[in-house]
Amino acid sequence: MFLSVFDMFKVGVGPSSSHTMGPMVAAGRFLDQLRASAFRPRGVRARLHGSLAHTGVGHATDRATILGLAGFLPDTFDAAKADVELDRIKAEGTVRPDGLGELVLDPKTDIAFDFGPALPGHANGLILMATDAQGDVILQETYYSVGGGFVLTADEMAQGGAVDDGAPVPHPFATATQMLEFCQSTGKSIAQMKRDNELSRMPGLDLDTGLARIWDVMNDCINRGLDSDGTLPGGLNVKRRAKGIYDALQAERGMNLTAPHTINDYMSVYAMAVNEENAAGGQVVTAPTNGAAGVVPATIRYWLDHVPGATQAKVPDFLLTAAAIGGLIKYNASISGAECGCQAEVGSAAAMAAAGLCAVMGGTPEQVENAAEIALEHHLGMTCDPVKGLVQVPCIERNGLGCIKAVSAASLALRGDGTHLVPLDACIETMRQTGSDMDERYKETSLGGLAVNVPNC
């Protein structure tokens with residue numbers, strides 16, 4: 001099993017990796033399929049199912065699908081250009097993807113929300129269609145957005161997921177137990193093993209450049225969030241809070257009037273800054289998802305700004321360690337809120353962040369595994385119930401608390417010797433079982449929990 005660090009950490013666009021990035025990626029794949037086919041389509045359509053239908057408007061799924069069919073991709077997304085093009089598409093009813101000419105797409109009629117039963121493969125399903133001059137479908141494909149911006153076709157889903165056809169990696173661990181066994185036999189850290197695996201697939205310069213970009217985008221996102229105020233879009237009238245809190249914290253520095261627990265406010269505000277940017281449709285990094293994008297960068301920023309001895313030179317080790325843990329969770333359970341609730345999103349993010357922090361603070365592989373387990377264990381059962389389907393309430397604050405839990409988990413693990421009762425593998429399996437048993441109302445459909453007990457407007 002191999003999932004690259006750049007699979008777990010993808011540069012993309014808010015507000016949701018499952019509901020925004022995934023459909024945009026699916027549309028890009030569909031355009032590639034059309035370019036490679038013998039068909040000469042005259043139009044394109046989309047039908048959104050399951051959670052993509054129930055919370056699609058709040059997550060801008062329709063917008064992302066339209067822009068994806070126009071040729072936009074998350075990694076290179078330009079918000080200003082997208083706004084201009086979307087206005088043109090709405091006015092003219094056509095998209096113009098490279099290599100396919102002008103295709104009919106009327107957003108009012110060609111993007112359909114199907115509120116019936118979800119498609120069989122996953123809660124987040126969509127069907128993309130190409131039509132001829134008469135409007136008849138000449139090619140269609142079913143896609144599933146399975147969390148974190150990962151997209152599978154129906155055939156790939158039926159085969160158990162996308163097949164990794166790359167070169168064998170030197171340390172092929174699929175469980176935390178195997179990971180620790182490799183650490184023991186090689187004498188290497190988790191980050192070193194993860195680096196070796198990455199280098200079997202790409203040049204070292206590409207790896208280092210890519211990791212530097214990931215942190216730059218994360219940190220820039222924090223800074224934008226700390227510098228922006230106003231009201232978030234979507235109709236809930238949620239005001240941005242990160243800037244006001246951060247400005248107050250900065251004003252209090254050096255006054256010797258603040259309580260020790262004020263450090264928690266810094267952790268929270270870094271995470272909230274990211275998730276306010278995400279909610280506004282800004283550029284973020286999946287970590288491992290958009291809804292949980294604030295936990296990992298906030299933990300890194302906390303470490304760099306507040307922990308003596310922290311150095312940016314170790315950020316790649318943080319990211320590599322976190323990605324190793326995230327890969328285990330995705331492979332053996334899920335990182336999708338629509339599949340397993342928020343335990344799979346913020347819970348996974350907290351486990352990744354705890355592991356990364358423990359590693360860069362000198363933790364052994366056993367302590368790192370313990371840190372990840374502690375963080376994930378105390379998110380078990382957490383539901384995904386965003387009010388009005390927006391990645392705002394409770395998501396923004398929840399990332400702040402996820403960061404605090406991650407730091408606490410790493411600290412507890414570093415106080416021990418790595419031995420503990422519940423293995424990370426058992427915790428991951430428990431999360432999978434809990435998600436399987438969880439009522440669909442509490443898995444990103446916004447049909448239960450806070451979503452129905454809080455006024456929506």
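The values are calculated or read from the model by the stated rules, or taken from the named source; none is laboratory data. Fair warning: this is a prediction, and the values are worked out from it, not measured in the lab. Ideal geometry is used to build each Cβ from the backbone, glycine not excepted, and the neighbour counts take in all protein chains shown.
Could you check region 258-286 and list, in sequence order, the residues that are surrounded by 24 or more Cβ atoms within 10 Å (Cβ to Cβ) and under 20 Å from residue 79 (Cβ atoms)? The answer is 273, 274, 275, 276, 277, 278, 279, 284, 285, 286. Could you tell me which numbered condition residue 233 fails, if it satisfies all but one of (1) of a type outside the set (Gly, Ala, Ser); (2) over 21 Å from residue 354 (Cα atoms); (3) crowded, with 17+ Cβ neighbours inside 10 Å? The single condition residue 233 does not satisfy is (3). Checking each residue in region 1-46 for being aromatic (Phe, Trp, Tyr), surrounded by fewer than 24 Cβ atoms within 10 Å (Cβ to Cβ) and in a loop (DSSP other than H, G, I, E, B) picks out 2, 39.
Is it the case that some residue within region 445-456 is without any contact (Cβ under 8 Å) to a residue 12 or more places away in the chain, assigned to a loop (DSSP other than H, G, I, E, B) and over 23 Å from residue 327 (Cβ atoms)? Within region 445-456, one or more residues are without any contact (Cβ under 8 Å) to a residue 12 or more places away in the chain, assigned to a loop (DSSP other than H, G, I, E, B) and over 23 Å from residue 327 (Cβ atoms).
Candidates in region 88-100 are the residues that are more than 30 Å from the chain's Cα centre (by Cα) and free of Cβ contacts under 8 Å to residues at least 40 places away in the same chain; of these, the one that is farthest from residue 139 (Cα to Cα) is 91.
Is one or more of the residues making up region 398-416 out of contact with any Asp or Glu (no Cβ under 6 Å at 6 or more places or on another chain) and outside any helix (DSSP H, G or I)? Yes, that holds for at least one residue. Scanning region 45-81 for residues that are out of contact with any Pro (no Cβ under 8 Å at 6 or more places or on another chain) and charged (D, E, K, R) turns up 45, 47, 63, 75, 78, 81.
Would a scan of region 390-398 turn up a residue that is farther than 30 Å from residue 238 by Cα and either of a type in the set (Gly, Ala, Ser) or at pLDDT 95 or above (or both)?
Step one: of region 390-398, the residues farther than 30 Å from residue 238 by Cα are none.
Checked region 390-398: no residue is farther than 30 Å from residue 238 by Cα and either of a type in the set (Gly, Ala, Ser) or at pLDDT 95 or above (or both).
Scanning region 226-248 finds no residues that are in the same structural domain as residue 393 (by TED's automatic domain parsing), touching a residue at least 60 places away in the same chain (Cβ under 8 Å), in a helix (DSSP H, G or I) and of a type in the set (Lys, Arg). Might you let me know whether region 297-309 holds any residue that is buried (at least 24 other Cβ atoms within 10 Å of the Cβ) and of a type in the set (A, V, I, L, M)? Checked region 297-309: at least one residue is buried (at least 24 other Cβ atoms within 10 Å of the Cβ) and of a type in the set (A, V, I, L, M).
What about residue 434, is it closer than 17 Å to residue 180 by Cα, touching a residue at least 24 places away in the same chain (Cβ under 8 Å) and of a type outside the set (Gly, Ala, Ser)?
Numbers: closer than 17 Å to residue 180 by Cα: no; touching a residue at least 24 places away in the same chain (Cβ under 8 Å): yes; of a type outside the set (Gly, Ala, Ser): yes.
For residue 434, the condition - closer than 17 Å to residue 180 by Cα, touching a residue at least 24 places away in the same chain (Cβ under 8 Å) and of a type outside the set (Gly, Ala, Ser) - is not met.
Of all the numbered requirements in (1) buried (at least 23 other Cβ atoms within 10 Å of the Cβ); (2) modelled with pLDDT of 95 or more; (3) within 23 Å of residue 387 (Cβ to Cβ), residue 56 misses one, and that requirement is (2). Annotation: of all residues in region 47-63 being among the aliphatic types (A, V, I, L, M) and part of a helix (DSSP H, G or I), the one that is nearest to residue 75 (Cα to Cα) is 52. When only residues in region 409-421 that are free of Cβ contacts under 8 Å to residues at least 12 places away in the same chain and within 16 Å of residue 359 (Cβ to Cβ) count, which is surrounded by the most Cβ atoms within 10 Å (Cβ to Cβ)? Across region 409-421, the extreme among qualifying residues is 411.
Got at least one residue in region 344-356 being over 14 Å from residue 406 (Cβ atoms) and surrounded by 24 or more Cβ atoms within 10 Å (Cβ to Cβ)? Talk me through it step by step, then tell me what you get.
Step one: filter region 344-356 for residues over 14 Å from residue 406 (Cβ atoms), giving 344.
When the remaining residues are screened for being surrounded by 24 or more Cβ atoms within 10 Å (Cβ to Cβ), the result is 344.
Yes: region 344-356 contains one or more residues that are over 14 Å from residue 406 (Cβ atoms) and surrounded by 24 or more Cβ atoms within 10 Å (Cβ to Cβ).
If you go through region 62-80 and keep only what is modelled with pLDDT of 95 or more and out of contact with any strand residue (DSSP E or B) (no Cβ under 6 Å at 6 or more places or on another chain), you end up with 63, 64, 66, 67, 68, 71, 72, 73. Residue-level analysis places residue 443 among those that are among the basic types (Lys, Arg) and crowded, with 22+ Cβ neighbours inside 10 Å. Residue check: is residue 448 under 30 Å from residue 237 (Cβ atoms) and among the small types (Gly, Ala, Ser)? Here the answer is yes, as residue 448 does meet what is asked. At least 2 residues being under 22 Å from residue 365 (Cα atoms) is the threshold, and among the helices (runs of 4 or more DSSP H) wholly inside region 261-336 those reaching it are 295-306, 315-332.
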